[in-house]
Amino acid sequence: MSDTQQSVSALMAYWNTPAGQQVWQRESVMLSRMVAYKGGRLLEMNAAASLATPFAPSHALRWAPSISTQPLWHADYIADGRAQPFDDCHFDTVLIHHLLDCVDQPHHWLSEAARITADTGRLYLIGWNPLQPRWPHCHRRHPAQRRLFIRQIRDWLAFVDLEIEQVHYCAFSAARCRTASWAEHVGTLLDVPLAGSYIVSARRQKQYIVPLAKRLRHRQLLSLGAIPKGVLAPMPSTLTEQHRTDVDCPTTHSTPSRPSGHHEQH
């Protein structure tokens, strides 16, 4: 078993604990408040129960890293998070739940998630807050390999042409006591960056208007292998004249027409 699969399995086991269930519940409530557009296509990459149940559209997909975890998560497909089997700008909402804190090469996962997010869609990232102090009754035994700062996520998002729209904090304490409930209520009301988790909502920095004919030609070039498939695959406007000529204007052989009034001599 690879390190990524072990980390995801440990994360899955954490959500079955009482502390993990409390954190999951508070993250689900905060996420349902943040999601403005509750339609279109949704992709959820999550190692716990679905967080998108209150606003999940009819076209919702769940991801799984392996065959063994697919029936447990009720996933719809299996794939590597660094190579999603979807076209560019395919989903209106993409949700990544604590996976960037546990997997290797998290910036590659983020780049792939940005690629499949629509130009008018939203990318939601949920992670562990590195600024959380050691509150009393605060459980910090979660299987996170790292804690990503907001400024680091902002730099990664800028590289893939995304910007942070809003950030909210939740899960100020995972304990089941009156003090924890009061701290959760006050912390959520003030939205202070001292919680256990944060939820980042990201969108496109620039809204590109691509004609339908150009998108169809881009898919045709991908199928022919004229351009590489990935995040940095160019749109047809940046292709060389050779690729445009090969696809749009195929070479044909025709005989020149004879001038009128010309008669062959036998």
### Task
Check region 53-64 and report whether any residue there is assigned by TED's automatic domain parsing to the domain that holds Met34, in contact (Cβ under 8 Å) with a residue 40 or more places away in the chain and either in contact with a Pro (Cβ under 7 Å, 6 or more places away or on another chain) or not hydroxyl-bearing (Ser, Thr, Tyr) (or both).
no
### Task
Answer yes if at least one residue in region 30-45 is over 18 Å from Leu95 (Cβ atoms) and in a helix (DSSP H, G or I), and no otherwise.
no
### Query
When the residues of region 1-44 are filtered to those that are over 25 Å from Phe172 (Cβ atoms) and at pLDDT 90 or above, which remaining residue is surrounded by the most Cβ atoms within 10 Å (Cβ to Cβ)?
Leu43
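Results for (1) assigned to a helix (DSSP H, G or I); (2) at pLDDT 65 or above, shown as yes or no for each residue.
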position	(1), (2)
Gln152	yes, yes
Ser173	no, yes
Glu184	yes, yes
Leu189	yes, yes
Arg215	yes, no
Leu232	no, no
### Message
Name the residue that is modelled with the lowest pLDDT, counting only residues in region 45-83 that are buried (at least 21 other Cβ atoms within 10 Å of the Cβ) and in contact with a helix residue (DSSP H, G or I) (Cβ under 6 Å, 6 or more places away or on another chain).
### Response
Pro65
### Failed item in (1) in contact with a Ser or Thr (Cβ under 9 Å, 6 or more places away or on another chain); (2) in contact (Cβ under 8 Å) with a residue 40 or more places away in the chain; (3) under 25 Å from Trp15 (Cα atoms), with His97 passing the rest
(1)
### Enumeration of residues in region 57-80 that are among the small types (Gly, Ala, Ser) and closer than 22 Å to Arg115 by Cβ
Ala60, Ala64, Ala75, Ala79
### Message
Can you confirm whether Ser68 is in contact (Cβ under 8 Å) with a residue 12 or more places away in the chain and either of a type in the set (Ser, Thr, Tyr) or not assigned by TED's automatic domain parsing to the domain that holds Arg146 (or both)?
### Response
no
### Task
Please work out if Leu110 is under 24 Å from Ser201 (Cβ atoms), of a type outside the set (Phe, Trp, Tyr) and assigned to a loop (DSSP other than H, G, I, E, B).
no
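The values are calculated or read from the model by the stated rules, or taken from the named source; none is laboratory data. In this text the structure is predicted, and so the values were computed from the model without any measurement. No Cβ is skipped: glycine too gets one built from the backbone with ideal geometry, and neighbour counts run over all protein chains shown.
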